[in-house]
Amino acid sequence: MSEEPGSTKCFSSDNSSISGAKKRRKTIIDSSSDESDCSSEEAVYSQCNDEEDESDTSDSDLSIMDSRIAARRRQSALTSIRPDGSLHDEHSNMEDISEQMSTGRGSPSLIQDDGPFGEIPDHLLINTQETPSVSLLRSSAITPTFSEESHLSSESSIFPSHVAGHSSTSALPRSGDNNGQVAQNIDGQPSLQGATATWSSTGSMKTLEFTKAQELLVPVPSDPFETFLLFLNDDILDLIIRETNLNAERVLQQPGITDKSRITNWKELTREEFMTFLGLLLHTGTIRLNRLNDYWKTHWLFNIPSFRQYMSRNRFMLILRCLHFSSDPSDEDRLAKIRPIVDNFNTTMKNIYSPGKQLSLDESMVLWRGRLLFRQYIKNKRHKYGVKLYVLAEPEGIVLKFQIYGGAGEETSGEGHTQKIVLKLLHENLDSGHSVYMDNYYNSYDLAVKLLDRQTYCTGTLRKNRKGNPVDLGTVTLKKGENKSFFLNNVHIGKWRDKRYVLYISTEHDNEIMEVTNKRGQVLAKPSAIVHYNNFMSGVDLQDQMLAYYPCERKTMRWYKKLFIHVLQMSVANAYCLYNKFSTNQKVNLYDFRLSILEKLLPKKPVQLKVLQVEHKLTKIENVKLREKKEGRGTRTIREIVRKECKGCKQNKKRVATLYECKGCDGSPGFCTQCFCVFHS
């Protein structure tokens, strides 16, 4: 018989099945004894009154006859064992009681004569109004295991030897210290707390050893661009180029395409051209303009010649339109269009990097306000509407693995969705002693036990209505700075009050109080679980912060193209963190790291000197000379143009003086109008 957390001992014969409610109300007493035995299990749940005379059948006793009959009916089983070993039928017992009541001969003492162990005194009948409340654990998690010694000792101390031989008993739940012992009072009998409380205020935590090491599994890259290429391997580049060319052919065959459509100018995409496309795409995050067309404008307010030097606007828009990653979309998989990109990122991180002990798990959002079946809304995120990502990261902001939420119908959807997500993201890092920090969206007692069985710690905040929480957790009132802890199965659930109540759960940190200094220099006392949660939980938020500095996403893109650009930016951020962590070179900031990648994707083009074209035209000779001319008794100065001999007429053996010359020709020779046209035709 399995035992649920928080339940009391259950006893049943070989031929009977007794419900838990009836078992708690069964009175166990030796038939040869006239006094009540307060050391029995029933004494834990009922109050004994040794001063009551069980032979007294006055009128005052008859006033509670109805309540005793109801209690008697609830405690009876379908078939029970008498002390002499004979079977007793409940139906015949109920008929006898009804007959006694109808004839008026019934009394409290007579009603109890047919009990399973003989006559039961009146003072041992259960008074439901005075029964102590029992704290039950409302959980389907793994229950504590019990030793056979406590099982046998409990059975032998409560029952007579002839009854214990016919009963199947289950041990009481262990307290939170997991030592397999039931709390006992001075007399050696189970106390009220040990019999009713599943969670304990004291306990010990399980010690796990971290068996991995934080290291880079590939040779250390020499520069930022080489680090970035770890995420853009040959396989994924060939896949994107092949699928993009195939998609361009499908677009070209769509109805409505005319000779003037831009897609008719499509030519096959190559790897060199695609790398240039990625460089320009990342550069749009460095130089922020509202529209993509603005990067190719020649207006003096927008003139950025670097974009025009590497690719024309029409070609860039064509590649962006035909960008594709999967030709076989599946109706069952809503994320089939982006699945190769997600799998490549997760596989790459698993192959090149082994994370440290502390991990954090949280959600991230990719902005999308269009129509999408699995669009989500999270009010506390910077982008409230969009595609939700479940991200596993390190506290430094390195994304280890992520999964896109695709709505109902996925393998992780349905009941226990958050547990499935956590176990899937942690699949490669289980059984290694990692410490995972999560918020109250994921944490629960069941998940903590499962992760602890897989040699993984978990710590984080907790929702008050989670299944498996201690019942007393919601009723505890604390003053500011006080902390209340509960322990079970090496799981620690605590309630701490700061400005407001904070519930937390941990399998690594106990109820130790640590002193920390805030930004104002004040020394505050906080539980160790809260302190470590604040220190190691911000990995996903730090990644989102780095991606927000240089955004490349555009509003008009399709959702899977926007996710591709988001994954591309995550690859740049991961490469930046890994380079600064493991490279022996001097550390660089994120801006300079991106510029180093752009300089390799967009190499500087050689300067081409523009050859000036000489313009040939017939102009009047500007060289003049002064000559004195006599006029009557005086003289007059005359300015005369120095004529030149026509070059064309001279070749024809003619001597013609002309007033015109061509400065475009060497030496600025003279030409008459007719020879100029013939010579320059």
Ordering E363, E215 by the accessible surface of their heavy atoms, 1.4 Å probe, largest first, yields E215, E363
Rounded to a whole number, the Stokes-Einstein D of region 288-345 in µm²/s (Kirkwood radius over Cα pairs; 37 °C; 0.692 mPa s) is 233
From zero outward in steps of 10 Å, how is the percent of C-alpha pairs of region 508-603 spread across the bins?
12, 30, 25, 21, 11, 1
Can you check how the C-alpha radius of gyration of region 615-674 compares to 2.2 N^0.38 Å, as a plain ratio?
1.43
Treat region 335-421 as a sphere of radius equal to its Kirkwood radius over Cα pairs and apply Stokes-Einstein at 20 °C in a medium of 1.002 mPa s; give the translational diffusion coefficient in µm²/s, rounded to a whole number.
151
Charges only on Cβ, +1 for Lys and Arg, -1 for Asp and Glu: so what's the dipole of region 281-386 about the Cα centre, in debye to the nearest 20?
580
Just tell me which lysines come within less than 22 Å, Cα to Cα, of K212; anything on the same chain fewer than 8 places away is out.
K350, K357, K401, K424, K450, K581
Share antiparallel - DSSP beta bridges, region 428-577, percent rounded to 5
85
Efficiency of FRET between K420 and L252 - r from beta-carbon atoms, R0 45 angstrom, step 0.05
0.60
Working only with C-alpha atoms, what are the Rg and Dmax values of region 470-530, expressed in angstrom?
12.1, 39
Give the share of C-alpha pairs in each 5 angstrom bin for region 431-524, from 0 to the last occupied bin, in whole percents, shortest bins first.
3, 13, 23, 23, 18, 11, 6, 2, 0
Give the distance, in whole Å, between the Cα centre of region 540-562 and the Cα centre of region 289-351.
13
Write down Rg/Rh for region 640-681, rounded to two decimals, with Rg from the C-alpha atoms and Rh from the Kirkwood relation over Cα pairs.
0.94
Put R288, R262, R369 in order of accessible area, largest first, 1.4 Å probe: what do you get?
R369, R288, R262
So how long is each side of region 567-681 along the principal axes, counting just the alpha-carbon atoms, biggest first, in Å?
102, 39, 24
Region 537-681 - percent of accessible surface contributed by carbon and sulfur, probe 1.4 Å
50
Over all directions, average the projected area of the Cα convex hull of region 209-351 and note it in nm².
13.4
Under Stokes-Einstein, with the Kirkwood radius over Cα pairs standing in for Rh, what whole-number D in µm²/s applies to region 404-453 at 4 °C and 1.567 mPa s?
110
Can you give the accessible area of I513 in Å² (nearest 10), computed on protein heavy atoms with a 1.4 Å probe?
90
Rounded to whole Å and sorted largest first, what semi-axes of the equivalent ellipsoid does the C-alpha gyration tensor of region 383-478 yield via the square root of 5 times each eigenvalue?
24, 18, 14
Tell me which lysines have Cα within less than 22 Å of K587's Cα, excluding those fewer than 8 residues away on the same chain?
K600
On the full set of protein chains, 1.4 Å probe, figure out the accessible area of R250 and give it in Å² to the nearest 10.
90
Structure shown: which of K617/K654; K297/K555; K384/K519; K479/K519 lie over 25 Å apart, alpha-carbon to alpha-carbon?
K384/K519
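The values are calculated or read from the model by the stated rules, or taken from the named source; none is laboratory data. Everything quoted here is computed from the prediction, not taken from an experiment. FYI the Cβ positions are ideal-geometry reconstructions off the backbone, even for glycines, and counts take in every protein chain you see. Surface areas here come from the heavy atoms of the whole protein model, side chains and all, with no ligands, DNA or RNA. Shrake-Rupley method; radii C 1.70, N 1.55, O 1.52, S 1.80 Å.
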